[in-house]
Amino acid sequence: VSGGYDALVKLWDTNTMSPACDFESAGRVHCVCMSEVASRHNLIAACADGDDREVVLYDPNVGHAAHRLCGHRGVPWALAWSPRDEHHLVSGGSDGSLRLWDIRKNIRGCLRSFDVHHTFARA
(Lines give C-alpha, C1' and ligand atoms only; values in the text may rest on other atoms or scores of the structure.)
Protein backbone atom coordinates (compact mmCIF):
# COMPACT_ATOMS: atom_id res chain seq x y z
CA VAL A 1 0.00 0.00 0.00
CA SER A 2 1.30 3.48 -0.83
CA GLY A 3 0.26 7.10 -0.82
CA GLY A 4 1.88 10.27 -2.03
CA TYR A 5 1.75 13.92 -3.00
CA ASP A 6 -0.32 12.98 -6.06
CA ALA A 7 -3.26 12.48 -3.62
CA LEU A 8 -3.59 8.79 -4.54
CA VAL A 9 -3.73 5.82 -2.19
CA LYS A 10 -2.74 2.63 -4.02
CA LEU A 11 -2.99 -1.03 -3.13
CA TRP A 12 -0.36 -2.93 -5.10
CA ASP A 13 -0.47 -6.43 -6.59
CA THR A 14 3.03 -7.75 -5.92
CA ASN A 15 2.66 -10.45 -8.58
CA THR A 16 2.11 -7.99 -11.43
CA MET A 17 3.88 -5.01 -9.81
CA SER A 18 0.92 -2.81 -10.67
CA PRO A 19 -1.86 -1.17 -8.65
CA ALA A 20 -4.76 -3.52 -7.85
CA CYS A 21 -6.90 -0.49 -6.97
CA ASP A 22 -6.47 3.16 -6.13
CA PHE A 23 -8.39 5.81 -4.25
CA GLU A 24 -8.30 9.58 -4.61
CA SER A 25 -7.82 11.43 -1.32
CA ALA A 26 -8.55 15.04 -0.37
CA GLY A 27 -4.93 16.11 -0.77
CA ARG A 28 -1.31 15.05 -0.35
CA VAL A 29 -1.21 11.72 1.51
CA HIS A 30 0.87 11.82 4.69
CA CYS A 31 0.48 8.24 5.89
CA VAL A 32 -1.17 4.96 4.86
CA CYS A 33 -1.27 1.60 6.61
CA MET A 34 -3.05 -1.73 6.78
CA SER A 35 -3.49 -3.90 9.86
CA GLU A 36 -1.13 -6.85 10.09
CA VAL A 37 -3.47 -8.79 12.38
CA ALA A 38 -6.83 -8.15 10.71
CA SER A 39 -8.88 -11.21 9.84
CA ARG A 40 -12.31 -9.54 9.50
CA HIS A 41 -11.38 -6.56 7.32
CA ASN A 42 -8.74 -5.39 4.87
CA LEU A 43 -9.21 -1.65 5.32
CA ILE A 44 -6.56 0.84 4.29
CA ALA A 45 -6.21 3.73 6.74
CA ALA A 46 -5.03 7.00 5.20
CA CYS A 47 -4.57 10.59 6.27
CA ALA A 48 -4.08 13.50 3.90
CA ASP A 49 -4.17 17.27 3.62
CA GLY A 50 -7.63 18.74 3.47
CA ASP A 51 -10.16 20.89 5.27
CA ASP A 52 -12.03 17.85 6.62
CA ARG A 53 -9.16 16.84 8.99
CA GLU A 54 -10.26 13.21 9.04
CA VAL A 55 -8.76 9.75 8.81
CA VAL A 56 -10.28 7.82 5.93
CA LEU A 57 -10.67 4.03 5.86
CA TYR A 58 -10.76 2.74 2.29
CA ASP A 59 -12.21 -0.69 1.49
CA PRO A 60 -10.67 -2.40 -1.57
CA ASN A 61 -13.63 -4.80 -1.69
CA VAL A 62 -16.09 -2.03 -2.51
CA GLY A 63 -13.70 0.43 -4.18
CA HIS A 64 -14.35 3.51 -2.05
CA ALA A 65 -14.15 4.96 1.45
CA ALA A 66 -15.96 2.83 4.03
CA HIS A 67 -15.52 5.04 7.12
CA ARG A 68 -14.34 8.50 8.04
CA LEU A 69 -12.94 9.18 11.50
CA CYS A 70 -13.45 12.82 12.48
CA GLY A 71 -12.15 14.62 15.54
CA HIS A 72 -8.70 16.09 14.91
CA ARG A 73 -8.57 19.89 15.04
CA GLY A 74 -5.60 19.84 12.66
CA VAL A 75 -4.42 17.68 9.77
CA PRO A 76 -3.75 14.04 10.79
CA TRP A 77 -0.16 13.09 9.94
CA ALA A 78 0.50 9.64 11.36
CA LEU A 79 -1.33 6.32 11.73
CA ALA A 80 -0.72 2.94 13.32
CA TRP A 81 -2.95 -0.10 13.72
CA SER A 82 -2.89 -1.97 17.01
CA PRO A 83 -0.65 -5.05 16.90
CA ARG A 84 -3.24 -6.90 19.03
CA ASP A 85 -6.71 -5.64 18.08
CA GLU A 86 -7.69 -5.34 14.42
CA HIS A 87 -10.35 -2.74 15.24
CA HIS A 88 -8.11 -0.24 17.04
CA LEU A 89 -6.24 2.50 15.21
CA VAL A 90 -4.15 5.40 16.54
CA SER A 91 -3.81 8.70 14.69
CA GLY A 92 -1.58 11.66 15.42
CA GLY A 93 -2.13 15.14 14.08
CA SER A 94 -0.83 18.65 13.70
CA ASP A 95 -3.20 19.66 16.51
CA GLY A 96 -0.83 17.98 18.97
CA SER A 97 -3.15 15.11 19.79
CA LEU A 98 -3.14 11.35 19.53
CA ARG A 99 -6.49 9.65 19.10
CA LEU A 100 -7.33 6.02 19.76
CA TRP A 101 -10.19 4.84 17.53
CA ASP A 102 -12.44 1.79 17.53
CA ILE A 103 -13.40 1.52 13.86
CA ARG A 104 -16.52 -0.55 14.67
CA LYS A 105 -18.14 2.52 16.23
CA ASN A 106 -19.38 4.97 13.61
CA ILE A 107 -20.55 7.50 16.20
CA ARG A 108 -18.10 8.42 18.96
CA GLY A 109 -15.45 6.06 17.59
CA CYS A 110 -12.72 7.95 19.40
CA LEU A 111 -12.04 5.98 22.56
CA ARG A 112 -9.38 8.34 23.94
CA SER A 113 -7.69 11.57 23.02
CA PHE A 114 -4.22 12.39 24.32
CA ASP A 115 -3.05 16.00 24.10
CA VAL A 116 0.67 16.74 23.88
CA HIS A 117 0.17 19.80 26.10
CA HIS A 118 -1.54 17.85 28.91
CA THR A 119 -0.54 14.64 30.65
CA PHE A 120 -4.03 13.30 31.26
CA ALA A 121 -6.33 11.39 28.90
CA ARG A 122 -9.69 12.73 27.79
CA ALA A 123 -12.56 10.60 26.49
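The values are calculated or read from the model by the stated rules, or taken from the named source; none is laboratory data. Everything quoted here is computed from the prediction, not taken from an experiment. Cβ sites come from the backbone with ideal geometry, for glycine too, and all protein chains shown count toward neighbours. What goes into the accessible areas is simple: the full protein's heavy atoms, side chains included, and nothing from ligands, DNA or RNA. Shrake-Rupley method; radii C 1.70, N 1.55, O 1.52, S 1.80 Å.
At ALA38 and ALA80, where each label point lies 7 Å from the Cα along Cα→Cβ, what is the point-to-point distance in nanometres?
Here the answer is 1.8 nm between the modelled labels.
Give me the accessible area per residue for the chain, probe 1.4 Å, as a whole number in Å².
I get 58 Å² per residue for this part.
Run the simple label-point estimate for ARG28 and ARG112 please: 7 Å along Cα→C-beta, distance reported in nm.
Label at ARG28, label at ARG112, 3.2 nm between them.
Please compute, for the alpha-carbon atoms of the chain, the extent along each of the three principal axes and give them in descending order in Å.
Answer, in whole Å and largest first: 48, 30, 22 Å.
Counting only protein heavy atoms and a 1.4 Å probe, tell me what percentage of the chain's accessible area is made up of carbon and sulfur.
Using a 1.4 Å probe with all protein chains present, the chain comes out at 50 percent carbon and sulfur.
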